[in-house]
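First up is the structure itself, then whatever we jot down about it.
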């Protein structure tokens, strides 16, 4: 047999996720790349590791046995790398972060240079809705969460990062319509909302209530990307974080509509439980953010749309 550590890692993730697509997303790989590695790994065994029935993936008993062995091997390899890094005086360990969905436009820029300097740190990053993020925080499953609205019933310590601006947007040509129609624009255009519980949804509801704007004709979608694509296609207008639409504004696919009371401003926070004992990797990351926040903002978040 001539399997690689990479094949073991990919197979273990497929077993854990019960999906090639989800495993690829977690590993930041393409689906074809994961499928090729799985095929090469399976080719070294005469007994099936997985079965696909009616487009559903099932792991065989033998597959589960191999997954357990893969997990054990990878743990031993990690232990070796950990001991080597300690001996060399390098920062090691896991850094676990949960991020609200809009935060996927922010978190890479907070992590990139830190991980370059500390390549032995293993990152676990979960991008999910606000409810799941708070649940992970409450259960102490993560070191930090990235969010814009602090949890109300948890004792936390937060680091304020920078402002988060929410703006009203429509599709191409909507700015002219908005100027001509004024108040009537909202009567003839559907509002596209995020799901209940999201910070963006709450900010939008508060704004519409303050401005006494009717919201009878609405559409609810569960991700920023879905909202963005719906607005681009002309299905309606929405209030969204500007950080997630910079490219679309540059390309003219979306247009900002200058309505009273906008933009809405809140802030991004890096949050951890107040009583949590941060391990070295987490402590180093928090210190890195504190010392480098100004340069991160200057390098990555200053634009004509901010």
Residue identified as surrounded by fewer than 19 Cβ atoms within 10 Å (Cβ to Cβ) and at pLDDT below 90 among 223, 233
223
Show me the helices (runs of 4 or more DSSP H) found entirely inside the range 14-132 where at least 1 residues are closer than 28 Å to residue 245 by Cβ and touching a helix residue (DSSP H, G or I) at 6+ places or on another chain (Cβ under 8 Å).
20-27, 31-42, 107-117
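The values are calculated or read from the model by the stated rules, or taken from the named source; none is laboratory data. Quick caveat: nothing in here was measured; it's all calculated off a predicted structure. We place every Cβ from the backbone using ideal geometry, glycine too, and count neighbours over all the protein chains shown.
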